[in-house]
1. Can you find even one residue in region 79-95 that is touching a residue at least 12 places away in the same chain (Cβ under 8 Å) and either within 23 Å of His129 (Cβ to Cβ) or of a type in the set (Phe, Trp, Tyr) (or both)?
2. If I go through region 1-23 residue by residue, how many of them are at pLDDT 85 or above, of a type in the set (A, V, I, L, M) and loosely packed, with under 12 Cβ neighbours inside 10 Å?
3. Can you tell me which residue among Phe101, Phe77, Phe26, Phe42 is at pLDDT below 90 and aromatic (Phe, Trp, Tyr)?
4. Can you say whether Arg14 is in a helix (DSSP H, G or I), without any contact (Cβ under 8 Å) to a residue 24 or more places away in the chain and not small (Gly, Ala, Ser), as far as the supplied structure shows?
5. Considering Ala56, Ala108, which residue is touching a helix residue (DSSP H, G or I) at 6+ places or on another chain (Cβ under 6 Å), closer than 25 Å to Gly16 by Cβ and touching a residue at least 60 places away in the same chain (Cβ under 8 Å)?
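The values are calculated or read from the model by the stated rules, or taken from the named source; none is laboratory data. Computed from a prediction, not measured in an experiment: that's the story for all the values here. Every residue, glycine among them, receives a Cβ derived from its backbone with ideal geometry; neighbour counts consider all protein chains shown.
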Amino acid sequence: MRGLHADAGYLLYRLGLRSGQLFNTFLQESGLRLRHYAVLRFLATTEGALQRELSARLGYDPSAIVGLVDDLEKLGFAERRPAPDDRRSRIVVLTEAGGEFLRGTDEAGLRVTNELLSPLDPAERKTLHALLLRVAGDGLGG
């Protein structure tokens, strides 16, 4: 019988849990969770996105996106605006305060990554990143 650690899928799952725990711990003092961070990071790559696009790209339930965007609006990190091509639709955009928050998280994010990948040398980290990108393909969105 194979042990759990013989299954790459299980190892990736455990690594994902550990990564999420570390990120959530670092985000805790801001009142945000990893899901909020993911929305902000996605918004930083675009001029704005419909909530249904956020849901599809991030893999979150549409009702969860509404709550996440509400939270980010209350903090002043994102705002809903009329869509430029359809005034009946609303897009979510990153605010200047949201961009500043993300810039402030860069160092902490690097610390989380360094802690997770501490057993690997720089060449191994680069190889792992390339392999993860290849395996993930388009399945991770954003």
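1. The answer is no, given that none of the residues of region 79-95 is touching a residue at least 12 places away in the same chain (Cβ under 8 Å) and either within 23 Å of His129 (Cβ to Cβ) or of a type in the set (Phe, Trp, Tyr) (or both).
2. 2
3. Numbers: Phe101 fails: at pLDDT below 90; Phe77 fails: at pLDDT below 90; Phe42 fails: at pLDDT below 90.
When all the criteria are applied, what remains is Phe26.
4. Values: in a helix (DSSP H, G or I): yes; without any contact (Cβ under 8 Å) to a residue 24 or more places away in the chain: yes; not small (Gly, Ala, Ser): yes.
The answer is yes for Arg14.
5. Working: Ala56 fails: touching a helix residue (DSSP H, G or I) at 6+ places or on another chain (Cβ under 6 Å).
One residue alone meets the criteria, Ala108.
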